[in-house]
1. Taking only the alpha-carbon positions of the range 1-41 and ignoring solvent, what does the Debye formula give for the base-10 log of I(q)/I(0) at q = 0.29 Å⁻¹?
2. Normalised by the empirical 2.2 N^0.38 Å for globular proteins, what value does the Cα Rg of the range 109-151 take?
3. Tell me, what is the FRET efficiency for Glu311 and Tyr357 to the nearest 0.05, using R0 = 22 angstrom and their Cβ-Cβ distance as r?
4. What's the extension gain from Ser142 to Gln33 if we count 0.36 nm per residue and subtract their Cα-Cα distance?
5. With a Förster radius of 45 Å, plug the Cβ-Cβ distance of Lys350 and Ser153 into 1/(1 + (r/R0)^6) and report the FRET value to the nearest 0.05.
6. Would you please report the Å³ per residue occupied by the convex hull of the alpha carbon atoms in the range 57-146?
7. Between Arg256 and Glu169, 0.36 nm times their residue separation minus their Cα-Cα distance comes to what?
8. If the chain between Glu330 and Thr6 were fully stretched, how many nm would it gain, using 0.36 nm times the residue separation less the Cα-Cα distance?
Amino acid sequence: MQPALTESERLAALRSYRILDTPPEPEFDDLVQLAARACQTPVALISLIDERRQWFKAQLGLGVRETPLDRSICLSAMLLPGLTIVPDLTEDPRFVDNPLVTGEPHLRFYAGAVLRTPDGVPLGALCVLDHMPRDLTQEQASTLTMLAWQVMSQLELRRAIAERDDVLEANRTFEQRQSLLVRELHHRVKNTLATVQALVGATRRSTGSFDAFYRSFSNRITSLAKTHNLLTEDYWQTAPLREIALNELKPFAESRQPRFMLIGPPVELSADLAVPVGMALHELTTNAICHGALSVPDGHVEVRWSVDEVEGVRKLHLEWRERGGPPVGEPQHQGFGTTLLQRVLPMQCKAEVEVQYDPEGLRFRMQAPLIEQRLVPTY
């Protein structure tokens, strides 16, 4: 025995056809014409019942597309099996006070065949009406029932076509996304190889032995890989700034005494900004460990950022500040880290950069425009 259907389940089935409030379609208009002609009535309707109204996908002779439920005759017919025939609506207590019976258009006769899904869910009715009492012949009743089946066949066909179109659109969207992703990956791989090549050259020039070169170069590649890992989680599009900074400072997170603070709102950096910013934070962290605030137990680092709109362009403001470390002085020679901060960031990110060798601790500030548009759409 099939379990009783709730009204919410019935409405869900109705909405799955995506038919409500759609414009007239010839396939359905033809069926009400055939129903009216076969039954010799002036009015014929394809009526669908939702929670507040009966809506007519097709209508002949009534002149409206919907009526409130308190005027619906099909609501009662829909709940009965098979074909409902009411020879005289004024003699049926269910309809004698219906406004369509007591007033215009003074309906008297009703015959309706239930529109039922293949699972047996009632959606409405194909009905014919007249202004005078009457009945249907057996042939007319049979024809009306068969036409109701044709209405459901059209609804099923229409839903199948819509679902097919949804699948095709989803496939097109997926293929477009994949194409954009491949293009972005090609761009990223090319940029990454160029970055690695630059790291090799810069590290070689700034180290005096192979062991020092290996350690410095390996650490920089590891930092680059961590940023790339964040980017791959979002299809090489964006990486959260907080996670980029935390990747570099995480070794100091377990300290009993706080060694760093990250202060700023959630900000997603585009790949073209995330990679150089990640490398800059790595160089700042490495310098702080070797010479700055993180080289002594009481030193700490504060990283602050914000996003402001400057002349219609959203810009990232980032500040790195060290406190409690050894006295700071300007370096005697320019290494890779200094070059990255003062030359690479302005060139690659159009960043405005300021480095202050304050005796109390290194201060680094940058302001860079954010890239807002994603190449690959989100899922």
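1. So the normalised log intensities are -0.93.
2. Taking the Cα Rg and dividing by 2.2 N^0.38 Å, one obtains 1.22.
3. Details: r = 31 Å, r/R0 = 1.39.
After rounding, the FRET efficiency stands at 0.10.
4. Values: separation 109, 0.36 × 109 = 39.24 nm, distance 1.61 nm.
Roughly 37.6 nm would be gained on extension.
5. Values: r = 62 Å, r/R0 = 1.38.
Here the calculated transfer efficiency is 0.15.
6. Values: hull volume 9.2 nm³, N = 90.
Once divided by residue count, the hull of the range 57-146 is 102 Å³.
7. Working: separation 87, 0.36 × 87 = 31.32 nm, distance 5.47 nm.
The span from Arg256 to Glu169 would gain 25.8 nm if fully extended.
8. Numbers: separation 324, 0.36 × 324 = 116.64 nm, distance 7.70 nm.
This chain segment gains 108.9 nm when fully extended.
The numbers here are math on the coordinates, done by the rules we state, and not lab data. Not measured: the values here are computed from a predicted model. Backbone-built Cβ (ideal geometry, glycine too); neighbour counts: all protein chains shown.
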